[in-house]
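Okay, so here's the structure we're looking at.
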Amino acid sequence: MLRIFFAVLTGLFGAALLHLVIILSLPHFTGRDAATRVEAEGDLNNFYLLGDQYDEAGLANGDPFLRTAVCSFDVEDAPVHFTAKGNVPFWSIAIYDSASNEVFSMNDRTSVGGALDVLAGSPIQLTDLRKNLPQELQQAILVEMARPDGYAVLRTLAPQASFDEAARNFLTEAGCEQFAARLG
């Protein structure tokens, strides 16, 4: 009787574990994970403002007091420079790799002068840049990406309707550009 009990218990535990693994890996196999959805928004290195309703990529801004923009990028050829400034009460950025692992995050309270100035690149690219750091990157935060592709989520607070225009301008004017392309 004890053997049957342990066999049933082991079977139930194994089934629960298998279901958990399947459920957690499902977004990866269906192509509907966050990285794939952000890529579907449009071209690389461009912030896309999310609306209140789900778009074709399956993304939406779910919080009525936040405005959100997303940018898909690839640092294989050159680092990507994230920039934004404006008069908004709060902003935050989170940078993820293609496996949706958070690589870096910050907000206006931890930035220099309230402006977003972050450069994401491969370890080799950033090592080369640090040897002779350009003047425009003196205040920038350098973020190493273990994987070449990823995405960024930029959010700003719009607690009242009067903040909405400033929040939308902040996000639409934000930069997510390859750094090397801006040198020449």
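Tabulated results
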read-out: Stretchable slack from residue 160 to residue 21, in nm (0.36 nm times residue separation minus alpha-carbon distance); value: 45.8 nm
read-out: The chain - accessible surface per residue (Å², probe 1.4 Å); value: 60 Å²
read-out: Segment 5-164, relative contact order in percent, only Cα pairs under 8 angstrom and at least six apart counted; value: 26 percent
read-out: Relative contact order for segment 91-176, counting Cα pairs under 8 Å that sit 6 or more residues apart, in percent; value: 35 percent
read-out: Within a Gaussian network of the chain (alpha carbon springs, distance under 10 Å), most fluctuating of 164, 128, 108; value: 128
read-out: Spacing of the two label points (7 Å from each Cα toward its C-beta) at residue 172 and residue 76, in nm; value: 3.3 nm
read-out: 3J(HN,Hα) from dihedral phi, segment 89-99, Karplus parametrisation 6.51/-1.76/1.60, rounded to Hz, x for glycine, proline; value: x, 6, 9, 8, 10, 10, 10, 10, 8, 5, 8
read-out: Ellipticity estimate at 222 nm from DSSP helix runs (n ≥ 4, -39,500 (n - 2.57)) divided over the chain, nearest 500; value: -9000 deg cm²/dmol
read-out: Among 73, 82, 13, residue whose mean-square fluctuation peaks in a GNM of the chain (springs only between Cα atoms under 10 Å); value: 13
read-out: [x] 53, 51, 35; [y] 75, 46, 30; [z] 54, 52, 29, with the label sought being that of the calculated Cα extents along the principal axes in Å; value: [y]
read-out: Charge context of residue 42, other residues only, Cβ under 12 angstrom, K/R +1, D/E -1; value: -4
read-out: Virtual spin-label span in nm between residue 147 and residue 101, 7 Å along Cα→Cβ; value: 0.8 nm
read-out: Axial C-alpha extent at least 30 Å, average Kyte-Doolittle at least -1.0 - helices from the chain (DSSP); value: 2-30
read-out: Label-point gap, in nm, between residue 49 and residue 2 - each point 7 angstrom along Cα→Cβ; value: 6.9 nm
read-out: Among 110, 68, 156: highest mean-square fluctuation, GNM of the chain, C-alpha pairs under 10 Å; value: 110
read-out: Carbon + sulfur, % of accessible area of segment 27-80 - ligands and nucleic acids excluded, 1.4 Å; value: 48 percent
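The values are calculated or read from the model by the stated rules, or taken from the named source; none is laboratory data. Since this is a predicted model, take the numbers as computed values, not measurements. Cβ coordinates were reconstructed from backbone atoms using ideal geometry, including for glycine residues, and neighbour counts include every protein chain displayed. We work out accessible area using only protein heavy atoms, side chains counted, and drop any ligands, DNA or RNA first. Shrake-Rupley method; radii C 1.70, N 1.55, O 1.52, S 1.80 Å.
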